[in-house]
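Derivation of every value follows stated rules applied to the coordinates shown; laboratory data play no part. All figures in this text were calculated on a predicted structure; none of them were measured in a lab. Glycine also receives a Cβ, built like all others from the backbone with ideal geometry; neighbour counts cover every protein chain displayed.
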Amino acid sequence: MQACSNSKQFTLPVPADATQRISGTDFYKTVAAWKWAARDSLAVQEILAGNMPSFLKKFVAVTSSVTDSMGISHQAVFYVSPDYLAVGTDADWARIPLTPMAAQKIADSFHCFFPTRKMVDLIYQ
């Protein structure tokens, strides 16, 4: 992922929206009786195809600074999704629980990584 260091936002490079997107409601209706592996498989397929609300594609900047033991200040900027992963449209979307394996596959596909505890604290602030 590349982003300008002074940018406040980064758009996730996902495929163009599919013409026949499954809504969040329809996703849950479809997978309600499925086992986790099948549900994960469909969720990964939909998300990697770009079937997610548009607001999830706009990552926002989180900044941090720390002074090391030598008194040198270090600045960092990282970009985060404004919410958890979801499948569906802007009007009808649903957060999808995923196994760690499925979540990692999606993160790798988008050149992202999971936050550390320090990052989570900064995001929360």
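Positive end of the charge dipole of the stretch 19-124 (Lys, Arg +1 and Asp, Glu -1 on Cβ, about the Cα centre): tell me which of ALA38, THR67, PHE55 has its Cα farthest that way.
Sorting the options by dipole projection puts first ALA38.
Where a Cα-Cα gap under 27 Å defines reach, which lysines qualify for LYS57, not counting those fewer than 8 residues away within the same chain?
Leaving aside lysines fewer than 8 places away in the same chain, those within reach of LYS57 are LYS8, LYS29, LYS105, LYS118.
Using only the alpha carbons, work out the radius of gyration and Dmax of the stretch 47-123 in angstrom.
Expressed in Å, the Cα Rg and Dmax of the stretch 47-123 come to 15.4, 51.
Which of MET70, MET52 has the fewest other C-beta atoms within 10 Å, and how do the rest follow up to the most?
Values: MET70 5, MET52 26.
Neighbour counts put them in this order, fewest first: MET70, MET52.
Using Cβ contacts closer than 10 Å as the measure, can you line up ARG21, ARG39, ARG95 from fewest to most?
ARG95, ARG21, ARG39
Using a 10 angstrom Cβ neighbour count of at most 13 plus a DSSP loop assignment to flag exposed chymotrypsin sites (Phe, Trp or Tyr not before Pro), which longest range of the chain is free of such sites? Intermediate values should be presented prior to the final figure.
Working: sites that count: TRP34, TYR84, PHE113.
Formally, the longest exposed-site-free interval is 35-83.
Through the Karplus equation 6.51 cos²θ - 1.76 cosθ + 1.60, θ set to phi - 60°, convert the phi angles of the stretch 62-70 into ³J(HN,Hα) values in whole Hz; use x for Gly and Pro.
Result, ordered by residue: 10, 10, 8, 9, 9, 9, 7, 5, 8 Hz.
How far is helix 100-109 tilted off the main Cα axis of the chain, in degrees rounded to 10, range 0 to 90?
Value to nearest ten degrees: 70.
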